[in-house]
Amino acid sequence: MANRRIYLDKSELTLLIPGKKKVEDVHLTSGVITRIQFDKCTERMLFVIPQQSEKITITTSKRAQPVVYTKGKNKVFFDQYKQELEKFAKENNVTFADNTK
């Protein structure tokens, strides 16, 4: 069974970022989040065929690199993430861009 990697509260995000040996959890308040963006991308499935996909990019002042979640690795919850993050960005005045439409 798949596990959620993004948890939302009214003014805070909790991100679970899988690493090579462990999962890092990052707590971000709305003041620390710089931008939330949805983009189209190309993703390799089974290391063979590149396929069109989507990604969520969360840019924050707390981390040097943005946090990226791709649809291929988060299929079960991906559309739910998009809806929740869009609502979160609007309610907390976070810069938001949806480049998938």
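Read the figures in this text as sums done on the coordinates, not as results from a lab. Fair warning: this is a prediction, and the values are worked out from it, not measured in the lab. Cβ: placed from backbone, ideal geometry, glycine included. Neighbour counts: every protein chain shown.
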Next on the checklist: Based on alpha-carbon centroids, what's the gap between region 55-74 and region 1-51 in Å, whole number please?
Outcome noted: 5
Item to check | Lys22 paired with Gln51, simple spin-label distance in nm, labels 7 Å along Cα-to-beta-carbon | outcome: 3.3
Checklist entry - Relative to the longest principal Cα axis of the chain, at what angle does helix 78-91 sit, 0 to 90 degrees, rounded to 10? => result 20
Next on the checklist: Need one number: nm distance between label points at Arg63 and Lys10, each 7 Å from Cα along Cα→Cβ, rounded to one decimal.
Outcome noted: 2.6
Checklist entry - Mean projection of the alpha-carbon convex hull of the chain over all orientations, in nm²? => result 6.9
Checklist outcome for this item: Given Cβ charges of +1 for Lys and Arg and -1 for Asp and Glu, the option among Gln65, Ala89, Leu28 whose Cα lies farthest towards the positive end of the dipole of the chain is Gln65
Next on the checklist: As a test, work out the antiparallel percent of DSSP beta bridges whose residues both lie in the chain, rounded to the nearest 5.
Outcome noted: 85
Item to check | Theoretical ellipticity at 222 nm over the chain - DSSP helices of four or more residues, -39500 (n - 2.57) apiece, nearest 500 | outcome: -4500 deg cm²/dmol
Checklist outcome for this item: Among Gln51, Ser11, Gln80, the residue whose Cα sits farthest towards the positive end of the charge dipole of the chain (+1 at Cβ of Lys and Arg, -1 at Cβ of Asp and Glu, taken about the Cα centre) is Gln51
Next on the checklist: Under a Cβ-only charge scheme (Lys and Arg +1, Asp and Glu -1), can you give me the dipole magnitude of the chain about the Cα centre, in debye to the nearest 20?
Outcome noted: 360
Checklist entry - What lysines sit close enough to Lys73 to cross-link, taking a C-alpha to C-alpha distance under 22 Å and skipping anything fewer than 8 places away on the same chain? => result Lys20, Lys21, Lys22, Lys40, Lys55, Lys82, Lys101
